[in-house]
Amino acid sequence: MRVLSAGALLGALVTLSACGGGGGGSSPNPPPPPPPPTKTLFVATQPSGSVQAAVFTTQPVVNVRSNGVTDAADNATVVTAAITAGTGTAGAQLTGTTTATAVAGVATFTNLGVDTAGTNYQLRFTAPGVTEVASTAFNVSAPVQVTFTIDSSQDVHAISRFIYGLNGWDPAQRPKNLTLSRSGGNRMTAYNWETNDSNAGADYLNQNDTFLGGGNTPNGAVAPGLEAARNAGAGMIVTIPLIGYVSADHNGGGDVAGTPANPAPNYLAVRFKQSVARKGSAFALTPDTADAFVYQDEYINFLNQHYPGAFASANTPIMVSLDNEPDLWQSTHARLRGDTNPATQSGQNATYAEMVQRTIDYADATKDVNPAALIFGPVNYGWQGMIRFQNASDANNRDFLDFYLGQMALAEVNTSHRLVDVLDVHWYPEATGGGVRITGDDTSAAVADARKQAPRSLWDPNYTETSWITQFSTNGPIRLLPRLKDKITANYPNTRLAVTEYNYGAGGHISGGIAQADVLGIFGRENIFAATLWPLSGSNNFIYGGFDMFRNYDGTNGSFGDTSIRASTSDVATATAYASVNAGNANRMVIVAINKSDSARNAAIAVTHGVQFHTAQVYQLTSANSVPQHGADIAITQANAFQYSMPANSVTTLVLLP
């Protein structure tokens, strides 16, 4: 018997009988007619969901299948097959009767596909010499619409634990089990660590106040978050100001420069203190709040003494950010950039040369206190800051980051140590859908679709978003992360990469959760060192759900693996996958599968790995619930291959176990 090599058997072998005709003659006793041929119908399905049937007989074998394969001409036989609905299939989409010529025992049918999962159908078969063949019921799996190919031997590298971060993370709140917090933002540009005073800048009336809290204790505004993060097993990025002045009081009262009718031209001397990189004398753990200066190297020493070993910690380090978005100082902190007119909001732009010199001064002072401190810079706000430092007067059409990195390499020669360890940028996508930017709360179809696609601009050389960046600057794909890595390689090798502020909008909608999960997968696959989301709206439940899919999918801190492996997709526009294993544990693999389509999509998942998996645990994030839900486990009966029906607009964490 010839057995068709195909997918899983979905139908039983059945015996089919048909009537045969006898010839006429003059003999009074004609011989009995030959017995009717007996054929056995075999039905199966391929991974694509197409129908296969094989007929076994003493005659040449005839296989009926719809995979489009034919062999050399031999034993041609005309066969006919029809699919009709069986029990419980009312309204199912079916194809009609198809006739094809069998070549070498293989008949090719191109119209036998069915697209309804888990439905019984009837297949009727006729062939020459057979007037009628009984039918048999069979079940067809849903057709595969996307294929994920996972290979644990390819593209293997450790995932930095610090990509799962949040600005101002509170471990007592959702999301849980993160790995990095950051004390940053506009308030930190003029933060006085000695008194916890800060300046609101353009965010609120340009006033000095104690909005950050902390009382009269040095570092009091930063310490609670720092200690909570470290107690939860996470690292922390603290910010030291570079702008040259920090708040001297918390008196409030609105604009430190006075009013148009009553300006205060001496406000820098009265309302601020000079912020200096180096003290030049002995450090004190109780800083002098009566003098006119605040020393940033003394702040590093303060942290060093209060948290011994923290700067060198592998899992809970203190890391240092060099201010916040200096390319926007002229607008966020115009009063500290030479604008003495309370009626305006425009100070002097920082220059390329100024930014390089400030970086050298403060980074070198920090490293002199603790060489283990990892320093992040220049903390650009976005695209125009990265390429022209927001139109700095000395740009001269030079790319800012190329210049900055090159100058850091030169400065390292003079200081005998690396100054900037991590190239740090912020990324609030400029992508639009229907003319609306995705970073807001708009969830109309056009904006949601653009939001779900926007993470591709982080890496995809074949994707061009709709934005002013692609129209007027790149004239094509942005490829942000590979682009930045290329700059590092060319100008300052071995610099790490971080994105310490980002947000894709719609925190309370599934499209925001999908984008967040996609971004986390990309950060891990693209080998980013650190990343911290900046929450933008009041509701972030679905964004936090995106974090959960990597850090708390089961509600008990179930996490993505620590080692990235290759995960490719046949349709990157509608479905993506990220895969991981744990170093030293081959018996567990975690896959995050994302369906960006508005309809369910059936995925064929093929895994190359040294361990045979038998179970896939399923956790789903859908529009129905911002908290991951545990679905039914999948039994893996084939050799590390299975199908999974991804719900519409969903993120699924699949945990593969032996």
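I'd like to check which helices (runs of 4 or more DSSP H) are fully inside region 478-580 and have at least 3 residues that are outside the structural domain of Asp399 (by TED's automatic domain parsing), in contact with a Phe, Trp or Tyr (Cβ under 9 Å, 6 or more places away or on another chain) and at pLDDT 95 or above. Passing ranges, in order: 510-525, 541-551.
With respect to the conditions (1) buried (at least 17 other Cβ atoms within 10 Å of the Cβ); (2) under 28 Å from Gly508 (Cβ atoms); (3) not hydroxyl-bearing (Ser, Thr, Tyr), Ala446 falls short on a single one, namely (1). Do we have any residue at all in region 425-441 that's assigned to a helix (DSSP H, G or I) and either in the same structural domain as Asn527 (by TED's automatic domain parsing) or under 19 Å from the mean Cα position of the chain (by Cα) (or both)? There is no residue in region 425-441 that is assigned to a helix (DSSP H, G or I) and either in the same structural domain as Asn527 (by TED's automatic domain parsing) or under 19 Å from the mean Cα position of the chain (by Cα) (or both). Just checking, does region 341-357 include any residue being in contact with a strand residue (DSSP E or B) (Cβ under 7 Å, 6 or more places away or on another chain), within 15 Å of Gln407 (Cα to Cα) and surrounded by 20 or more Cβ atoms within 10 Å (Cβ to Cβ)? Yes, region 341-357 contains at least one residue that is in contact with a strand residue (DSSP E or B) (Cβ under 7 Å, 6 or more places away or on another chain), within 15 Å of Gln407 (Cα to Cα) and surrounded by 20 or more Cβ atoms within 10 Å (Cβ to Cβ).
Looking across Thr574, Thr556, one residue alone is of a type in the set (S, T, N, Q) and surrounded by fewer than 19 Cβ atoms within 10 Å (Cβ to Cβ). It is Thr556. One residue stands out in region 606-642 among those that are in contact with a Pro (Cβ under 7 Å, 6 or more places away or on another chain) and not hydroxyl-bearing (Ser, Thr, Tyr): the one that is surrounded by the most Cβ atoms within 10 Å (Cβ to Cβ), namely Leu621. Checked against the criterion of being under 30 Å from Asp554 (Cα atoms), modelled with pLDDT of 95 or more and either assigned by TED's automatic domain parsing to the domain that holds Met319 or out of contact with any Gly (no Cβ under 7 Å at 6 or more places or on another chain) (or both), region 201-220 contains not a single residue that satisfies it.
For region 225-232, check the following and say yes or no: at least one residue is under 30 Å from Ala264 (Cα atoms) and in contact with a strand residue (DSSP E or B) (Cβ under 7 Å, 6 or more places away or on another chain). Checked region 225-232: no residue is under 30 Å from Ala264 (Cα atoms) and in contact with a strand residue (DSSP E or B) (Cβ under 7 Å, 6 or more places away or on another chain). Annotation for region 324-343: at least one member residue is touching a Ser or Thr at 6+ places or on another chain (Cβ under 9 Å), within 20 Å of Gly220 (Cβ to Cβ) and not aromatic (Phe, Trp, Tyr). Within region 422-437, being out of contact with any Phe, Trp or Tyr (no Cβ under 6 Å at 6 or more places or on another chain) and among the hydrophobic types (A, V, I, L, M, F, W, C) holds for Leu423, Val425, Ala431, Val436.
On the given criteria, is Asp203 among the charged types (D, E, K, R), in contact with a helix residue (DSSP H, G or I) (Cβ under 9 Å, 6 or more places away or on another chain) and crowded, with 23+ Cβ neighbours inside 10 Å? Judged against the criteria, Asp203 is not a match. Tallying residues that are among the polar types (S, T, N, Q) and buried (at least 20 other Cβ atoms within 10 Å of the Cβ) within region 232-256 yields 2. Restricting region 190-200 to residues that are within 15 Å of Thr239 (Cα to Cα) and of a type in the set (Gly, Ala, Ser), the residue that is surrounded by the fewest Cβ atoms within 10 Å (Cβ to Cβ) is Ser198. Any residue at all in region 400-415 that is assigned to a loop (DSSP other than H, G, I, E, B) and surrounded by fewer than 21 Cβ atoms within 10 Å (Cβ to Cβ)? No, region 400-415 contains no residue that is assigned to a loop (DSSP other than H, G, I, E, B) and surrounded by fewer than 21 Cβ atoms within 10 Å (Cβ to Cβ). Total residues in region 266-282 satisfying the condition of being more than 45 Å from the chain's Cα centre (by Cα), of a type in the set (A, V, I, L, M) and in a loop (DSSP other than H, G, I, E, B): the figure is 1. Has region 322-329 got at least one residue that is of a type in the set (Asp, Glu), more than 34 Å from the chain's Cα centre (by Cα), buried (at least 16 other Cβ atoms within 10 Å of the Cβ) and assigned by TED's automatic domain parsing to the domain that holds Val256? No - not one qualifying residue is present in region 322-329. Note on region 257-282: residues that are free of Cβ contacts under 8 Å to residues at least 24 places away in the same chain, surrounded by 11 or more Cβ atoms within 10 Å (Cβ to Cβ) and closer than 30 Å to Pro371 by Cα total 2. In this structure, does Asp368 turn out to be surrounded by fewer than 20 Cβ atoms within 10 Å (Cβ to Cβ) and under 28 Å from Phe400 (Cβ atoms)? Yes. Of the residues making up region 230-265, those that are at pLDDT below 95, in a loop (DSSP other than H, G, I, E, B) and not small (Gly, Ala, Ser) are Thr259, Pro260, Asn262, Pro265.
Taking the numbered list (1) surrounded by fewer than 24 Cβ atoms within 10 Å (Cβ to Cβ); (2) touching an Asp or Glu at 6+ places or on another chain (Cβ under 6 Å) in turn, Gly220 passes all entries but (2).
In the condition set (1) in contact (Cβ under 8 Å) with a residue 12 or more places away in the chain; (2) closer than 30 Å to Val425 by Cβ; (3) not basic (Lys, Arg), Tyr204 is compliant with all but (1). Taking the criterion of being part of a loop (DSSP other than H, G, I, E, B), farther than 15 Å from Leu226 by Cβ and not polar (S, T, N, Q), the residues of region 186-198 that qualify are Glu194, Asp197.
Please find, within region 386-399, the residue that is surrounded by the most Cβ atoms within 10 Å (Cβ to Cβ) out of those that are outside any helix (DSSP H, G or I) and hydrophobic (A, V, I, L, M, F, W, C). Selected residue: Phe389. I'm trying to understand the selection: among the residues of region 152-183, which are outside any strand (DSSP E or B) and β-branched (Val, Ile, Thr)? Listed by number, the residues that qualify are Val156, Ile159, Thr179.
The values are calculated or read from the model by the stated rules, or taken from the named source; none is laboratory data. What you are looking at is a predicted structure, and each value in this text was computed from that prediction instead of being measured. When we count neighbours, we look across all protein chains shown, and the Cβ atoms used for this are built from the backbone with ideal geometry, even at glycine.
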